[in-house]
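Accompanying notes for the structure given below.
Every number here is computed from the coordinates shown, using simple stated rules; none is lab data. Values in this document were obtained by computation on a predicted structure and should not be read as measured data. Using ideal geometry, Cβ is built from the backbone for each residue, glycine included, and neighbour counts are taken over all protein chains shown.
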Amino acid sequence: MADFVKAGDLNFVAQLNTLKTKLPTYATTFGLTPAQIASVEADADFMAYVVLRNNGVPGFAQDWTKLKNQVRFGGDGTIIPPFPAPPDVTTPPATPIQPNVEGRFRQLAAQLKAHNNYSKTIGEDLGIEADETGFDEENYKPEGTAKAVLNEVTIKFSKKGVDGQAIYSKVTAGTSSPSPSPSPSTPASLSSFTKIAIDFHSPYIDNRPLTNPGQPETREYYLRGVKNDKEIGVPGDVIRVVVGA
């Protein structure tokens, strides 16, 4: 399950600010006390202050290093520039807080989600629901390509939310013109295919020997997504290549 807490300090600061702004609207809905609301506001303000000041430190250090190098070696002009201005830490938030802002944030989110009045819509408004991945497991359809060089076929595929691909194939003696692009697959057209591999890293190399040594043959493939050791979604389109030509 995706974590609802945003990754990255700036993203977390924005998430805290959303909760700070929206939570008072739901104070009555969840029976929150003024002290709880004030705690969320203090955490949001203090976290924002610390993160934004912290982000200014690397630039300050880089400016000092540049100045030091110019003083010692020259090369950046004939005039020494003013000393870099440090991040302003003279006016921290008035309300002190205890460590572990994220811990309190998670605890409050769990409290709200356990309340009878909670809904996913409210959670999204408060910014405490995980982002939707947009992955449709039922309708997932693989995409891939196949290229033959002599007696070997290289099958390339992308995962796009799955762990790997099951590879199905059908071999026909002789040659036929390869489709200029993958052709749509149907249950009837796939009934004669056999699974030859499950691969978790593209590309897959099909180096099976020719059915009849020295005689070209047509090989057809389709892919099926694999997630958590289970095939999912719908079959990919059929790809056809000539091997051994």
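For the reader, a short list of remarks on this structure follows.
- Selection of chymotrypsin sites (Phe, Trp or Tyr not before Pro), the range 98-161, meeting DSSP coil and at most 14 other Cβ within 10 Å: 135
- For residue 156, the aspartates and glutamates whose Cα comes closer than 12 Å to its Cα, not counting residues fewer than 8 places off in the same chain, are 143, 199, 206.
- Ranked 41, 220, 138, 231, criterion: other C-beta atoms within 10 Å, fewest first: 138, 231, 41, 220
- For the chain, complete DSSP H runs whose alpha carbons reach 27 Å or more along their own long axis and whose mean Kyte-Doolittle score is -1.0 or higher are 34-73.
- Unit charges on C-beta of K, R, D, E only; dipole of the range 9-126, Debye: 180 debye
- Relative contact order, whole percent, for the range 9-126 stands at 33, derived from Cα pairs under 8 Å and 6 or more residues apart.
- As a length-normalised measure over Cα pairs under 8 Å and 6 or more apart, the relative contact order of the range 144-243 settles at 41 percent.
- Computed over Cα pairs, the Kirkwood radius of the range 139-240 leads via Stokes-Einstein (1.002 mPa s, 20 °C) to a diffusion coefficient of 154 µm² per second.
- Rg to Rh quotient for the range 9-126, alpha carbon positions, Kirkwood Rh: 1.22
- Measuring how big the range 182-237 is from its alpha-carbon positions, Rg and Dmax come out at 13.3, 40 Å.
- Taking a point 7 Å from the Cα of residue 171 along the Cα-to-Cβ direction, the residues of the range 137-159 with backbone N closer than 14 Å to it are 151-153.
- Note on the range 144-243: with charges restricted to the Cβ of Lys and Arg (+1) and Asp and Glu (-1), its dipole about the Cα centre is near 160 debye.
- Listed values for the range 191-203 are Karplus-derived 3J(HN,Hα) couplings in whole Hz (6.51 cos²θ - 1.76 cosθ + 1.60, θ = phi - 60°), namely 5, 9, 7, 10, 6, 10, 5, 10, 10, 9, 9, 6, x, and x replaces Gly and Pro.
- Along the axis of the charge dipole computed for the chain (Cβ charges of +1 for Lys and Arg, -1 for Asp and Glu, origin at the Cα centre), the listed residues 65, 30, 118 are led at the positive end by 65.
- The chain: relative contact order in percent, alpha carbon pairs under 8 Å with at least 6 residues between: 19 percent
- Taking the DSSP beta bridges with both ends in the chain, the antiparallel portion is around 95 percent.
- Zero-based 5 Å bins, Cα pair distances in the range 85-199, whole percents: 2, 6, 10, 13, 11, 8, 7, 6, 7, 8, 7, 5, 5, 4, 2, 1, 0
- Label point distance in nm, residue 94-residue 114, each placed 7 Å from Cα along Cα→Cβ: 3.4 nm
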